[in-house]
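Engineer: So that we are looking at the same thing, I have put the structure below in structure tokens.
The values are calculated or read from the model by the stated rules, or taken from the named source; none is laboratory data. Please read these numbers as outputs of a predicted model, since none were measured by experiment. Please note: Cβ atoms are built from the backbone with ideal geometry, for glycine as well, and neighbour counts cover all protein chains shown. Quick note on the areas: whole protein, heavy atoms, side chains included, nothing else; ligands and nucleic acids left out. Shrake-Rupley method; radii C 1.70, N 1.55, O 1.52, S 1.80 Å.
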Amino acid sequence: MKYDAVIIGAGMSGLSAGIRLAYFDKRVLILERHYAYGGLNSYYTLGGRQYDVGLHALTNYTPPGHRGGQPLNRILRQLRLSREELKLHPQKYSEVRFPGRTLRFTNDVADFIESVATAFPKEAGGFYKVVEDVLSREYVLDGEDGESSARAYLRSFLNDEILIDMILCPVMYYGSPTPHDMPLGQFVVMFRSVYCEGFARPEGGVRTIIKVLVKKYRSLGGKLRMRCGVERIHHDGHRVTSIELDDGEHVEADLVLSSAGFDETMALCAGEANSTGTVAGVSTEDRLSFLESVSIVNVEPSAFGIMPTIVFYNTEDRFTYARPDGAYDLSSGVLCMPGNFTGAALPEGIVRVTNLANYDRWRTMSPAEYAVRKNEWADKASEIVAGMFPDFRPHVIERDVFSPTTIERYTGHLGGAVYGSPRKIHSGRTPLANLAICGTDQGFLGIVGAMLSGILIANAYGME
Amino acid sequence: MADEKVKGIVLDIIATVAPDADISDVDPAKRLRDQLDLDSMDFLDIVMELRKRYKVEVPKEDYPRLESLDSCAEYLGPKLEAHLTS
Ligand SMILES: Cc1cc2nc3c(=O)[nH]c(=O)nc-3n(C[C@H](O)[C@H](O)[C@H](O)COP(=O)(O)OP(=O)(O)OC[C@H]3O[C@@H](n4cnc5c(N)ncnc54)[C@H](O)[C@@H]3O)c2cc1C
């Protein structure tokens, strides 16, 4: 049977694209190599406990009754989902902690404006103008990012480089594919997502969202094949002719959407995909990856004095967002307490810590060294957190750690890149007429971004 | 009468495309966009729903004719004829 569309990947973007196409009566097949849905934001069970791979927070929270073109509403409308299904609980408050200064923000940008004005009185007027200007811009990614720079943009309003670092820290951690700086368009999208709209957590974690998407997709007649990787995309130089699966089977489709990443998809077209995490001619040195630890604690962190929902911290004079030379960079990171969202208490307390990491260092370790270094990192990262807040370490009853190679293994993203390649293709276009890119390398990032990307690309390519 | 039916069809579609929009009090002479907070993505969706439900094709150059409920009735009336009589 020939499909109207085949989608590579059952992550947030692939599932969203699938829902759009299936809703409009296309015969759609999603192919996923892994046994679990969700890709970069999946979930798993370990020792009888349920873990989320990625979820700190859903960005772009808008309260019920809020209408209009904000991404969350747009997604709900386009996927014909109701807001209640996602069971979203907004954050309490979050912090940006730098040496000697702390900024605080909530889902009301007025709180952030006030916090900046208190910590940086001379910059109050300039920051107000930043917010005004960002909000006046379109919520779109199109054209070329070119040489645009978020830092240069912020410097046109602000003088204090530390404040600029502090503003950039959360938006970079939650959505910059490029080190040190980010394109202006991407910055505007992330600034609105993080500071103007804000954070929420679906009750039950990321599986709540994934289950809603999978159920919707299936109810519309969409087909989903798990443990079913695409090994090769065959083409005649102009169009995809067939898709070869890991087991040698061939599938045909009029349209192919791939959420595997641009370089990764091109490697499938060239027949160069392999299992070593490398593709000839593609450098992964400018891709950013992370280490993440998930600690289960025997009391809620708020009970021993860790009150914020999320903390973006930096312990040096200046903030460096880049791939570290060593295996990891302890100088900045993200701390997330999923129990510090509003809503019902979690079954157990959780503390998540994230640091930037170097994929190549982790890839080349022996298995024995790998196990030791993972724990070494998690211990050191916990120590730094313990220096900022009441010590959570005595409360830890279980801990899981994952590395850039874990991310690569389960998602296929080269270099374990969480935000994909620094080069985005906003149009989704590839050299083949009936093959388009959605998700991470299209440019919209994060859970909400990926869903939006799947929708936009399905609309652009799949509705004829 | 037929006009009212077409308007009902369009409102029904809007309720699907934008369930959070309040369609109880739409002025048929005024632009839908201004009254209901619909954007271009929603409009594309209305067109797609017309195709899905009634096999009606609206070419891009005709999108402006879906501006208000009155103009929808005028433009879609003939296209929806089969559905209106049955
Ligand atoms: C540790 C971590 C924390 C994060 N925290 C947050 C957060 O708090 N909030 C937030 O909004 N975002 C967060 N993110 C980012 C977010 O998860 C991603 O931006 C988003 O999930 C990307 O979705 P996607 O569909 O573009 O890509 P993916 O999820 O990567 O989907 C691609 C899918 O394609 C599959 N695939 C690849 N190659 C093949 C092939 N050849 N054949 C078949 N299938 C294939 C993969 O297995 C994968 O399932 C986090 C990510 C990580 C890793």
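Engineer: Out of A:Y44, A:Y35, report the one residue that is within 15 Å of the ligand (Cβ to nearest atom) and part of a strand (DSSP E or B).
Structural biologist: Going through A:Y44, A:Y35 in turn, the sole match is A:Y44.
Engineer: For segment A:1-25, name all the residues that are near the ligand (Cβ under 9 Å from one of its atoms) and within 14 Å of chain B (Cβ to nearest Cβ).
Structural biologist: Matches in segment A:1-25: A:S16 only.
Engineer: Does segment A:73-81 contain at least one residue that is within 11 Å of another protein chain (Cβ to nearest Cβ), more than 8 Å from the ligand (Cβ to nearest atom), within 30 Å of A:M307 (Cα to Cα) and part of a helix (DSSP H, G or I)?
Structural biologist: yes
Each row is one residue, and each column tells you yes or no for (1) surrounded by fewer than 22 Cβ atoms within 10 Å (Cβ to Cβ); (2) over 30 Å from A:Q91 (Cα atoms); (3) assigned by TED's automatic domain parsing to the domain that holds A:M166.
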{"site": "A:Y217", "(1), (2), (3)": "no, no, no"}
{"site": "A:G229", "(1), (2), (3)": "yes, yes, no"}
{"site": "A:I233", "(1), (2), (3)": "no, yes, no"}
{"site": "A:D236", "(1), (2), (3)": "yes, yes, no"}
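Engineer: Could you list, in sequence order, the residues of segment A:379-411 that are more than 22 Å from A:R49 (Cβ to Cβ) and either open to solvent by less than 40 Å² (accessible area, probe 1.4 Å) or assigned by TED's automatic domain parsing to the domain that holds A:A36 (or both)?
Structural biologist: Of everything in segment A:379-411, those that are more than 22 Å from A:R49 (Cβ to Cβ) and either open to solvent by less than 40 Å² (accessible area, probe 1.4 Å) or assigned by TED's automatic domain parsing to the domain that holds A:A36 (or both) turn out to be A:A386, A:F389, A:P404, A:T405, A:E408.
Engineer: In segment A:89-115, how many residues are assigned to a strand (DSSP E or B), within 16 Å of the ligand (Cβ to nearest atom) and either open to solvent by 30 Å² or more (accessible area, probe 1.4 Å) or at pLDDT below 95 (or both)?
Structural biologist: 2
Okay, residues lined up against (1) open to solvent by 40 Å² or more (accessible area, probe 1.4 Å); (2) within 12 Å of the ligand (Cβ to nearest atom); (3) under 29 Å from A:D25 (Cα atoms); (4) within 14 Å of chain B (Cβ to nearest Cβ):
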position	(1), (2), (3), (4)
A:I167	no, no, no, no
A:M172	no, no, no, no
A:V240	no, no, yes, no
A:L245	no, yes, yes, no
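Engineer: Here is a further query. Taking segment B:9-40 only, how many residues are over 14 Å from A:Q78 (Cα atoms) and either away from chain A (no Cβ under 11 Å) or of a type in the set (V, I, T) (or both)?
Structural biologist: Count: 17.
Engineer: Check whether at least one residue in segment A:341-357 is buried (at least 21 other Cβ atoms within 10 Å of the Cβ), over 22 Å from A:S421 (Cβ atoms), of a type in the set (A, V, I, L, M) and free of Cβ contacts under 8 Å to residues at least 60 places away in the same chain, and report yes or no.
Structural biologist: Yes.
Engineer: Could you tell me whether A:E32 is of a type in the set (D, E) and either open to solvent by 30 Å² or more (accessible area, probe 1.4 Å) or closer than 16 Å to A:V256 by Cβ (or both)?
Structural biologist: yes
Engineer: Which of the residues that make up segment A:190-208 are open to solvent by 10 Å² or more (accessible area, probe 1.4 Å) and assigned to a helix (DSSP H, G or I)?
Structural biologist: A:R192, A:C196, A:E197, A:R207, A:T208
Engineer: Working only within segment A:379-425, note down all residues that are under 28 Å from A:E285 (Cβ atoms) and more than 14 Å from the ligand (Cβ to nearest atom).
Structural biologist: Listed by number, the residues that qualify are A:D379, A:K380, A:I384, A:P422, A:R423.
Engineer: List, please: which pairs have Cβ atoms under 8 Å, are six or more places apart or on different chains, and start with a residue in segment A:424-449 that is closer than 16 Å to A:I243 by Cα and end with one that is assigned to a loop (DSSP other than H, G, I, E, B) and β-branched (V, I, T)?
Structural biologist: From residues that are closer than 16 Å to A:I243 by Cα, the pairs are A:A436/A:T430; A:I437/A:I425; A:I437/A:T430.
Engineer: Hey, could you check segment A:63-72 for residues that are under 16 Å from A:P202 (Cα atoms) and surrounded by fewer than 20 Cβ atoms within 10 Å (Cβ to Cβ) and say which is farthest from the ligand (Cβ to nearest atom)?
Structural biologist: It comes out as A:P64.
Engineer: A:N60 is checked against (1) within 15 Å of the ligand (Cβ to nearest atom); (2) free of Cβ contacts under 8 Å to residues at least 40 places away in the same chain; (3) assigned to a loop (DSSP other than H, G, I, E, B) and fails just one. What number does that condition carry?
Structural biologist: For A:N60, the failing item is (2).
Engineer: Among the residues of segment A:441-459, count how many are farther than 26 Å from A:D236 by Cβ and open to solvent by less than 20 Å² (accessible area, probe 1.4 Å).
Structural biologist: Here the count works out to 12.
Engineer: Something else about it: It is to be established whether one or more residues within segment A:27-48 are at pLDDT 95 or above, more than 14 Å from every other protein chain (Cβ to nearest Cβ) and in contact with a Cys (Cβ under 6 Å, 6 or more places away or on another chain).
Structural biologist: yes
Engineer: Moving on to the next point. Exactly one of these conditions fails for A:D52: (1) open to solvent by less than 70 Å² (accessible area, probe 1.4 Å); (2) away from the ligand (no atom under 16 Å from the Cβ); (3) not assigned by TED's automatic domain parsing to the domain that holds A:V188. Give me its number.
Structural biologist: Condition not satisfied by A:D52: (2).
Engineer: With respect to A:G48, is the statement that it is within 19 Å of the chain's Cα centre (by Cα), more than 30 Å from A:L135 (Cβ to Cβ) and of a type outside the set (A, V, I, L, M) true?
Structural biologist: No: the conditions fail for A:G48.
Engineer: Considering segment A:280-325 alone, what residues qualify as being open to solvent by less than 10 Å² (accessible area, probe 1.4 Å), among the aliphatic types (A, V, I, L, M) and away from the ligand (no atom under 15 Å from the Cβ)?
Structural biologist: The answer is A:I296, A:V297, A:I306.
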